[in-house]
1. Taking the Cα centre as origin and putting +1 on Lys and Arg beta-carbons and -1 on Asp and Glu beta-carbons, what dipole magnitude results for the chain, to the nearest 20 debye?
2. Can you give me the angle between helix 318-329 and the longest principal axis of the chain, using Cα atoms only, in degrees from 0 to 90, rounded to the nearest 10?
3. Nearest-5 percent of antiparallel DSSP beta bridges in the chain?
4. So how tilted is helix 39-51 from the main axis of the chain? Cα-based, degrees 0 to 90, rounded to 10.
5. List the extent of the Cα atoms of the range 1-128 along each of their three principal axes, largest first, rounded to whole Å.
6. What is the extension gain from LYS308 to ILE191, computed as 0.36 nm multiplied by their sequence separation minus the C-alpha to C-alpha distance, in nm to one decimal?
7. Treat every Asp and Glu Cβ in the range 30-101 as -1 and every Lys and Arg Cβ as +1, leave all other atoms uncharged, and give the resulting dipole magnitude about the Cα centre to the nearest 20 debye.
8. Which of the chymotrypsin sites (Phe, Trp or Tyr not before Pro) found in the range 221-279 are in a DSSP loop and have at most 15 neighbouring Cβ atoms, other than their own, within 10 Å?
Amino acid sequence: MAIQSMAKHKTSDAARVIRQVKQLEAVGCEIVRLAVKDNADAAAIRRIKSEVKIPLVADIHFDWRLALAAIDSGVDKIRLNPGNIFKAGQVWEVAKAAKAAGIPIRVGLNSGSVKRSKGRDIPSAMCVSALEYIRLLEKCGFHDIVISLKASTIIETVAAYRKMARHCEYPLHLGVTATGLPYSGAIKSSIACGALLLDGIGDTMRISLTDTPEQEIKAAKAILGGLGLRHFGPEVISCPTCGRCEVDLVKVVKQIENRISYITYHKSDRPVKLAVMGCVVNGPGEAREADFGVAFGKKDGLLFKAGKPVRKISVSGCVSTLMKEVRRKHG
Ligand code: SF4
């Protein structure tokens, strides 16, 4: 499952886009989509490509010739919207050029550009439209296809992808469109993408948020990490606190989260789990399940390692003690 995001600057402003793609790469983004609105955008892809490492996708709407220009500039994938580029001759021209360049085409449907027809609901209309487009591409011998079916509601998005997964074996790019600000957007995306990922559906994913693309990567990592599908760094579990907690647990956990955000896992790393608990009711139990844990009392906490109580630690020294243990574990 690869994590994707989208640059927010006009693509022809190559210097800013290069900076943003590099920032995204640094926080773990693996594919970046660029809006290609005109020939200047398409031409800028050549320079951007020469300065960044991760694959770039050209997002094309309305004008199929921009796809040809983006391919000519060396882009790694084309996204076409069947809602606004649909004439067979035009689609075939793009498919011919993509085939010659050896790059895939994403058939990217959004519920907003799909019309309900013949009484079909949105998920069915999206699937019918995507399948018709796929047949069009297949007719000219093009099979390097990725599909996305993003609706703006969780129910429609999940239904559309599940339906499509039953009908074809092409890779699926997951996402919910227009979800909103990070809090509600991440929740909507987690429910929809989480349900699909638990079904084994999905090959790439973008969490669309009305915020910086870095927030999108953070949310995507939290979803994949939470499902145990990928691990990007140590996992922290902490209790919600209640009237029994006698320390400032929120502050402690924020400090730990901040310190571990600088630790990036490589594929071979075994994920480390930290438990930070506010009292001895559930604290020792959870702390025992983790690689390292602390269950706080009134003035100090009990440190656990691999399920065994080790020693008492002070509240103020808790963060640095846990970080030392994490670093030791990662060599
Ligand atoms: Fe409350 Fe203790 Fe449970 Fe935390 S671990 S929520 S402090 S009972």
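1. Dipole about the Cα centre, nearest 20: 460 debye.
2. Tilt of helix 318-329: around 60 degrees.
3. Antiparallel bridges make up about 25 percent of those DSSP assigns within the chain.
4. Taking the Cα atoms of the chain, the angle to 39-51 is about 40 degrees.
5. Projected onto the principal axes, the Cα atoms of the range 1-128 cover 48, 30, 24 Å.
6. 38.6 nm
7. Charge dipole of the range 30-101: 140 debye, to the nearest 20.
8. The qualifying sites are TYR262.
The values are calculated or read from the model by the stated rules, or taken from the named source; none is laboratory data. No experiment lies behind these values; they were computed from the predicted model shown. Every residue, glycine as well, gets a Cβ built from its backbone with ideal geometry; the counts of neighbours run over all protein chains shown. The accessibility values were calculated without ligands, DNA or RNA, using every heavy atom of the protein model including side chains. Shrake-Rupley method; radii C 1.70, N 1.55, O 1.52, S 1.80 Å.
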